[in-house]
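*Asks:* Dropping a structure here in C-alpha cells format, bear with me for questions.
No lab work stands behind these numbers, since they all come straight from the coordinates. Only a predicted model underlies this, so the values are computations on that prediction, with no experimental measurement involved. Here the Cβ positions follow ideal geometry from the backbone for every residue, glycine too, while neighbour counts run over all protein chains shown.
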Amino acid sequence: MGQHKGWLRKGRIVDAEITLRVDGAERRLTVDTRTTLLDALRERLGITSPKKGCDHGQCGACTLLLDGRRVNSCLALAVAYDGSEIITAEGLAENGQLHPLQRAFVEHDGYQCGYCTPGQIVSALGMLDEAEAGWPSHVTEDLNVEEIVLDDEEIRERMSGNLCRCAAYANIVPAIREVSDR
Amino acid sequence: MRPYAYVRAHDVEGAVATLAEAPNAAFLAGGTNLVDLMKLGVETPDVLVDVRRLTSDRVEDLEDGGLRVGAAVPNSVLAADRKVRTRYPALSQALLAGASGQLRNLATTGGNLLQRTRCVYFYDTTTPCNKREPGSGCSAIDGHNKNHAILGSSEHCVATHPSDMAVAMAALDAFVNVLGPDGDRRIPIEDLHRLPGDEPQRDTILEHCELITSVDLPPLRFLSNSKYRKVRERASYAFALVSVAAALDVEDGVVRDIRIALGGVAHKPWRATKAEETLRGEPASEENFRAAAEIELEDAESLRDNAFKLPLARNVMVRTLLELSEER
C-alpha cells in the first residue's frame, strides 16, 4: 500500500494528456489513466457510434479500427494509444455518400434495433482487409492458401466477435458478402 | 476501477526495474485480459508498466533454423505468418481457434501466455477463490465445475489454463525467453506454467518483475506435421472444453517421434508425456493411439460436472493422431 501511494505521489498520476486522430481529425484531451478508448470517444469527444454493449470484450459493439486494425475499444486503455489513428463508423462516409458496407447493410436489412450495427460494419471493414491480406481463419481448409475466398462460412467465422442480439445474422452475412464479392 | 499510475518505460530493462521496486505493479501489453480483470476488481495493480512497444513485434528466423516470436507480436499476425503456417501449423490453428478477430488483433504473444483462468468463481469477487484470494477456499470444487480440471489439480484449485496458443507451443517444445533483474533466462514452455498445489495464486514460475521478451520455436522438421483440434460449446469464439495439439513423425507405419499436449484439462497446458513414451517406436495405429491416450488419462479424476472430459480427451487425442498419421 505504501508503494501504491508512493507511485501516485511521484506525480505519474492518474491523468494523462493524449492526442488521438479520430476519423481524420486530431483531438487532444486529458484522460484519467483508467479511461478506455471507448469511453474517451463516447464520453469525452461525443463520438457515439462505437457502442458500449458488454464492456468486457465479448460483444464487439465497440469495435473500431485502431491504426488500421479492428479491435475492441472497451479493452484498450486510451493512455496506451496516445498518437493513434482511429476510424469509427461515423468516419466511413465520403462526400456525403455512405460507405458500400453501410449501403449493403441498409439494402439487406442487416439489423433490427441497430445497436450492434456500427461495430458490425467497422468489424466487417477490418475483416475484409484481413482476408485481402491472405489471413486464414479457423474454417479455412488450406492454411497455406494464397487467396481467401469469403463464402458464408468464412464470413460467419470471421465475424463471430460481433454479436447481434436481434439475430439479424441471416441478413448481415449477405450484406457483407455483397461487398466482398465486388 | 482502482486508480493506478501509468508508466511507459524507455526499454525492457527499465520496465523490469520499475516492477522490481513496485510490488503491486503489473506489465500491460494488449490488455485484453488484464483490463477486463481490473474492471471487475479481480486485479488491482497500482502501477501499469506498458511494455507493448518495448518488446519485439516481429517473427524472425533463428540461426538454428527455428523461429523467434517477439512478445509483442499480435495473435492475429502470428497466426497469419507464412513461416508459422508452414512449419508449425498447430500454432496457427490454435491461435485461429481462440477469441475473436478483434481480440486477436490486440492480444500479444507474451500476454496470451500470462492470461488468467476463466473459472467463473475467479471472476466473481463475491465468492471464495484461492487463486484470487489465497486461503479463502475453492468454490468450484463443489460448485459448477463443468469447465474445470481433470488432471493435476489440488484440493485448493481445480481451474484450467484457458490459452489455445500455449497448448500448441507446449506440443512444439517452445522456449520462453524472459528478462529479469539479473539478466535473461530461457524456460522450456512446459516449465513456465505450474500446477496449483497449495499456491494456486501463482500461475507460472515467473518472478513478479520478470518479463517475457520472446518465444523460440525449435527447428524440428516434423513439427510441420502438426495439428490443433479444439472442442467447444459454440462453433466459434468460445474457450476449449478439451483441446489437443499434436505433432507426429511416422516412417514405414512406425511412430518415430511424437508430441502431444492437452488444453482445457489442467491448470497448465498438459504435455502428454506418458502417451508420447508409449507410442514412440510403435506402429501408428488407432488401437495404439487409444491405448496411449488411456494410459495418459489413467490418473485423471473428474468432478461433479466434468466426467465427460475423460472420454472426450481420449477421443480427441485418437482422432488428432489418426489424422496426422493419415495425412503423411
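*Asks:* Pick out which of B:S154, B:S226, B:S236 has the largest mean-square fluctuation in a Gaussian network model of chain B, springs linking Cα atoms closer than 10 Å.
*Replies:* B:S236
*Asks:* Averaging sequence separations of C-alpha pairs under 8 Å and six or more residues apart, then dividing by the length of chain B, give the relative contact order as a whole percent. Before the final figure, lay out the partial values.
*Replies:* Details: 762 pairs, mean separation 56.4, N = 328.
Once divided by the residue count of chain B, the mean separation gives 17 percent.
*Asks:* While we're on this one: Report ³J(HN,Hα) in whole Hz for each residue of the range A:92-103, in order, from the Karplus equation J = 6.51 cos²θ - 1.76 cosθ + 1.60 where θ = phi - 60°; Gly and Pro get x.
*Replies:* So the J values, rounded to whole Hz, are 8, 5, 10, 6, x, 9, 4, 5, x, 5, 5, 4.
*Asks:* DSSP loop (so not H, G, I, E, B), at most 15 other Cβ within 10 Å: list which trypsin sites (Lys or Arg not before Pro) in the range B:244-274 pass both filters. Show your work: numbers first, answer last.
*Replies:* Details: sites: B:R256, B:R259, B:R271, B:K274; in loops: none.
Within the range B:244-274, no trypsin sites (Lys or Arg not before Pro) qualify (loop, at most 15 other Cβ atoms within 10 Å).
*Asks:* Under 1.5 on a/c is rounded, so check that first for chain B, then, if it is not, pick prolate when a/b is larger than b/c and oblate when it is not; a ≥ b ≥ c are the square roots of the alpha carbon gyration tensor eigenvalues. Each step should come with its number before you reach the end.
*Replies:* Numbers: a/c = 1.99, a/b = 1.27, b/c = 1.57.
Note, shape of chain B comes out oblate.
*Asks:* When a footprinting reagent is the concern and you count Cβ atoms within 10 Å, what order do A:T117, B:T127 take, fewest first? Mind dumping the intermediate values first?
*Replies:* Numbers: A:T117 24, B:T127 17.
Fewest-to-most ranking of A:T117, B:T127: B:T127, A:T117.
*Asks:* Compactness ratio of the protein assembly as shown: Cα Rg over 2.2 N^0.38 Å, N = residue count? Can you show the working numbers first?
*Replies:* Numbers: Rg = 22.8 Å, N = 510, 2.2 N^0.38 = 23.5 Å.
That works out to 0.97 for the protein assembly as shown.
*Asks:* Related question: Any chance you could tell me what percent of the C-alpha pair distances in the range A:40-182 go past 19 Å? Can you show the working numbers first?
*Replies:* Details: 5112 of 10153 pairs.
In whole percent, the share of Cα-Cα pairs in the range A:40-182 beyond 19 Å is 50.
*Asks:* Across chain B, where is the longest run that never hits GluC sites (Glu not before Pro) in a DSSP loop with at most 15 other C-beta atoms within 10 Å? The partial results should precede the final answer.
*Replies:* Working: sites that count: B:E21, B:E63, B:E155, B:E207, B:E233, B:E298, B:E301, B:E327.
That gives B:64-154 as the longest site-free run.
*Asks:* With labels modelled as points extended 7 Å from the Cα through the Cβ direction, what inter-label distance (nm, one decimal) is found for A:R27 paired with B:E155?
*Replies:* 5.5
*Asks:* To the nearest 0.05, how large is the calculated FRET efficiency for B:D305 and B:T273 if R₀ is 30 Å and r is the Cβ-Cβ distance?
*Replies:* Working: r = 27 Å, r/R0 = 0.92.
Efficiency computed from Cβ-Cβ geometry: 0.65.
*Asks:* A follow-up question, please. Please list, by residue number, every one of the trypsin sites (Lys or Arg not before Pro) in the range B:277-314 that is coil in DSSP and has at most 11 other beta-carbon atoms within 10 Å.
*Replies:* Here no trypsin sites (Lys or Arg not before Pro) fit, given the DSSP loop and packing criteria.
*Asks:* List the relative contact order of chain A as a percent without decimals, with contacts defined as Cα pairs under 8 Å and 6+ residues apart. Don't skip to the answer; put the middle values down first.
*Replies:* Working: 302 pairs, mean separation 37.8, N = 182.
Taking the mean separation of contacting Cα pairs over the length of chain A, I get 21 percent.
*Asks:* Taking neighbour counts of Cβ atoms within 10 Å as a proxy for exposure, in what order, fewest first, do B:T204, B:T126 appear?
*Replies:* Numbers: B:T204 18, B:T126 6.
The most exposed by this proxy come first: B:T126, B:T204.
*Asks:* Right, here's the next one. What FRET efficiency comes out for B:E233 versus B:D11 if R0 is 51 angstrom and r is the Cβ-Cβ distance? Round to the nearest 0.05.
*Replies:* On the way: r = 43 Å, r/R0 = 0.84.
Once rounded, the FRET efficiency stands at 0.75.
*Asks:* For A:E17 paired with A:E107, estimate the spin-label separation in nm (one decimal), with each label point 7 Å from Cα along the Cα-to-Cβ line.
*Replies:* Distance between the two pseudo-spin positions: 4.8 nm.
*Asks:* Within a 10 angstrom radius of each residue's Cβ in A:131-143, how many Cβ atoms of other chains show up on average? Whole number is fine. If you can, show how the numbers build up before the last one.
*Replies:* Numbers: counts 0, 0, 2, 3, 8, 6, 6, 13, 3, 3, 0, 1, 10.
So the per-residue partner count for this stretch is 4.
*Asks:* Mind pulling the angle between the C-alpha long axis of helix A:117-132 and the longest principal axis of chain A? Nearest 10 degrees, somewhere in 0 to 90.
*Replies:* 70
*Asks:* A follow-up question, please. Taking R0 as 25 Å, what's the FRET efficiency between B:E287 and B:R221 from their Cβ-Cβ distance, rounded to 0.05?
*Replies:* The calculated FRET efficiency here is 0.40.
*Asks:* Could you put B:V120, B:V215 in order, starting from the residue whose Cβ has the fewest other Cβ atoms within 10 Å? Working shown, then result.
*Replies:* On the way: B:V120 17, B:V215 29.
Ordered by Cβ neighbours within 10 Å, fewest first: B:V120, B:V215.
*Asks:* Further question on the same structure: Between the helical axis of B:286-296 and the dominant principal axis of chain B, each derived from Cα atoms, what acute angle in degrees is found, rounded to the nearest 10?
*Replies:* With both axes taken from Cα atoms, the answer is about 40 degrees.
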